[in-house]
Amino acid sequence: MLKEKAGVLAGQIWEVLNGNEGKTQKEIKKAAKIKADKDLFLGLGWLLREDKIETSEKNGELFFVLK
């Protein structure tokens, strides 16, 4: 069940990041309409594990971009 949820969340996040130069975790959470931080990080973790995104820190915030 949790694995399926992670995949769905990863898909939502991928859609948000697709076609732009990246977003902060707050921007992703808002655009993907993800309510809980744990769900956001579950989806981001999936994408990181699959080597689909890169992460960095900008102005003290986590920043994510598709590879």
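Things to note:
- Angle in degrees between helix 37-49 and the longest Cα principal axis of the chain, rounded to the nearest 10: 80 degrees
- Cα-centred dipole magnitude for the chain, charges only on beta-carbon of K, R (+1) and D, E (-1), debye, nearest 20: 240 debye
- Rolling a 1.4 Å probe over the heavy atoms of the protein chains gives the chain an accessible area of 71 Å² per residue.
- Heavy-atom accessible area order for T24, T55, largest first, 1.4 Å probe: T55, T24
- Rg/Rh for the chain, where both radii come from Cα atoms and Rh is the Kirkwood radius: 0.93
- Spacing of the modelled spin labels on K35 and E21, each 7 Å from Cα toward Cβ, amounts to 3.4 nm.
- Nearest-ten-degree value, helix 2-17 long axis tilted from longest Cα axis of the chain: 30 degrees
- Each Lys or Arg adds one and each Asp or Glu subtracts one; over the other residues with Cβ under 14 Å from the Cβ of T24, this totals -1.
- The chain, relative contact order [Cα under 8 Å, separation at least 6], %: 39 percent
- In this simple spin-label model, placing a label point 7 Å from the Cα along the Cα-to-Cβ direction at both E4 and E57 gives a separation of 3.8 nm.
- Heavy-atom accessible surface of the range 15-59: percent carbon and sulfur, 1.4 Å: 44 percent
- Solvent-accessible surface (1.4 angstrom probe) belonging to L2, in square angstrom, nearest 10: 110 Å²
The values are calculated or read from the model by the stated rules, or taken from the named source; none is laboratory data. Nothing here was measured: the structure is a model prediction, and the numbers come from that model. Cβ sites come from the backbone with ideal geometry, for glycine too, and all protein chains shown count toward neighbours. Keep in mind that these areas ignore ligands, DNA and RNA; they rest on the heavy atoms of the full protein, side chains included. Shrake-Rupley method; radii C 1.70, N 1.55, O 1.52, S 1.80 Å.
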